[in-house]
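Below is one structure, written out as structure tokens, with a few remarks after it.
The values are calculated or read from the model by the stated rules, or taken from the named source; none is laboratory data. Everything numeric in this text was worked out from a predicted model, so none of it was measured. Ideal geometry is used to build each Cβ from the backbone, glycine not excepted, and the neighbour counts take in all protein chains shown.
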Amino acid sequence: MSEEIYRVVKEYIKSRNSGWRFIFGGQVFDKNKLLEKMEKDKKFRKFIIEEVIKTAVDLLTPKK
Amino acid sequence: MLAIAPRYDEATEYSYKWIKKLMEELEAEYTPLFESDATRENFEKEVENHSIVVFYDHGDEVGLYAQGGRTYVIDKRNNHLLKGKIIYTMACLWGIDGGIDTWKKGAKVVWAYKDVFAFTNYDEELFMECANYGLIIVIKEGVSWEEAVEKAKKKFDEAIEKAEDGWTKIWLRHDRDALVCYTENNPPETSTCMLRQLAIKLFGAKRAWKLRRAKVFALMLTCVGYGIALHDFAHQVWELKGTSLSLEGGYIGFIMMLAGLLLLFLDHKV
């Protein structure tokens with residue numbers, strides 16, 4: 001399942017344009033840098049996958 | 001109001017823009033410590049003249065960074081200067097430890113994030129609105145800080161719904177969950193101290209943060225002393241009567257002491 005999420009995330013990032021930026025604290029990623037970071041840094045990749053899952057759970061949880 | 005915003009890298013370009021927008025919306029007088037003025041010295045010189053301090057930029061568990069990112073504007077060595085004041089931040093991680101320490105040292109309100117603050121440039125507006133929202137509603141609508149944090153989280157929810165992009169939704173949700181606001185009525189739910197963590201689990205955050213070291217020590221002394229005295233009394237009764245189970249005035253005294261101690265404890269006096 002994690003691999004499937006990672007594949008989709010990669011596809012998503014690849015489809016961004018060159019002006020796309022993701023600011024994560026002090027780090028600013030363009031699409032290539034982010035793909036490289038996820039490929040090299042397993043911990044970071046795991047963190048991204050967890051965030052995707054948490055968001056899916058949150059979106060499916062009825063709001064009060 | 002004292003507004004602090006260093007500006008020295010790509011990420012701070014955004015936060016600098018956001019704090020300017022916040023000040024514009026608040027239409028309140030403020031003293032800016034922007035760019036090269038965002039230093040520890042300037043903060044320490046200015047802070048006593050202000051009841052609200054706003055900081056937008058890089059932070060970590062320990063402190064909030066000054067211009068250049070090599071030193072802190074605020075850390076555990078000077079956060080006592082925020083006693084009785086409101087500190088509103090948009091900075092990473094400070095809510096984990098530095099913000100709690102500031103609150104413990106008497107800051108009236110600590111608005112912070114307990115994780116990295118993340119956002120995307122193409123939906124920047126949504127993130128900025130959510131980050132700025134709390135202070136705006138407190139100042140302009142007069143809501144309490146406890147209400148403000150609830151409303152700010154709802155604002156994040158609205159932004160999540162409004163966002164068309166999945167990646168934006170992920171990081172809005174992430175930032176919403178990282179947002180904390182520590183006040184007297186809304187104390188931190190965590191602590192770096194293991195004993196405090198245990199107390200939070202046992203008594204809840206509000207009661208646990210009222211416990212002071214001296215009070216816990218006094219309680220421990222009382223319990224150990226009580227145990228020794230009860231054991232010794234029971235032993236004396238056993239020596240005299242051949243059984244420790246006997247209706248004695250001493251036991252009634254012990255029961256009354258225990259009841260008194262429990263009443264004191266339940267009344268938050270211990």
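Things worth noting here:
- Test: residue in region B:178-189 that is under 16 Å from the mean Cα position of the chain (by Cα), free of Cβ contacts under 8 Å to residues at least 60 places away in the same chain and under 16 Å from residue B:106 (Cα atoms): yes
- Restricting region B:241-270 to residues that are exposed (fewer than 10 other Cβ atoms within 10 Å of the Cβ) and farther than 30 Å from residue B:212 by Cα, the residue that is farthest from the chain's Cα centre (by Cα): B:242
- Some residue of region A:21-30 being surrounded by fewer than 14 Cβ atoms within 10 Å (Cβ to Cβ), within 21 Å of residue B:117 (Cα to Cα) and either within 11 Å of chain B (Cβ to nearest Cβ) or modelled with pLDDT of 95 or more (or both): no
- Residue that is farthest from residue B:127 (Cα to Cα), among those in region A:1-20 that are within 8 Å of chain B (Cβ to nearest Cβ) and aromatic (Phe, Trp, Tyr): A:12
Per-residue answers, yes or no, for (1) touching a strand residue (DSSP E or B) at 6+ places or on another chain (Cβ under 6 Å); (2) within 30 Å of residue B:116 (Cβ to Cβ); (3) not hydrophobic (A, V, I, L, M, F, W, C):
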position	(1), (2), (3)
B:172	no, yes, no
B:200	no, yes, no
B:216	no, no, no
B:234	no, no, no
B:250	no, no, yes
B:257	no, no, no
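- Check on residue B:206, exposed (fewer than 15 other Cβ atoms within 10 Å of the Cβ), under 34 Å from the mean Cα position of the chain (by Cα) and of a type in the set (Lys, Arg): yes
- Of all residues in region A:24-62, those being closer than 18 Å to residue B:168 by Cβ and part of a loop (DSSP other than H, G, I, E, B) number 2.
- Considering residues of region B:91-125 that are small (Gly, Ala, Ser) and assigned to a loop (DSSP other than H, G, I, E, B) only, the residue farthest from the other protein chains (Cβ to nearest Cβ): B:106
- Leading residue by the ranking (nearest to residue B:185 (Cα to Cα)) among those in region B:79-112 that are among the hydroxyl-bearing types (Ser, Thr, Tyr) and more than 10 Å from the chain's Cα centre (by Cα): B:88
- Test result for residue B:140, over 23 Å from residue B:207 (Cα atoms) and either touching a residue at least 12 places away in the same chain (Cβ under 8 Å) or of a type in the set (Gly, Ala, Ser) (or both): yes
- The listed residue being in contact with a helix residue (DSSP H, G or I) (Cβ under 8 Å, 6 or more places away or on another chain) and in contact (Cβ under 8 Å) with a residue 12 or more places away in the chain, out of B:103, B:145: B:145
- Within region B:208-223, residues that are under 18 Å from residue B:191 (Cβ atoms) reach partners that are in a helix (DSSP H, G or I) with beta carbons closer than 7 Å, at six or more positions or on different chains, in the pairs B:208/B:196; B:208/B:199; B:208/B:200; B:211/B:199.
Residue-by-condition table, conditions (1) farther than 21 Å from residue A:13 by Cα; (2) in contact with a Lys or Arg (Cβ under 8 Å, 6 or more places away or on another chain); (3) surrounded by 21 or more Cβ atoms within 10 Å (Cβ to Cβ); (4) within 13 Å of another protein chain (Cβ to nearest Cβ):
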| position | (1), (2), (3), (4) |
| --- | --- |
| B:141 | yes, no, no, no |
| B:146 | yes, no, no, no |
| B:150 | yes, no, no, yes |
| B:154 | yes, no, no, yes |
| B:157 | yes, yes, no, yes |
| B:166 | no, no, no, yes |
| B:171 | no, no, yes, yes |
| B:179 | yes, yes, yes, no |
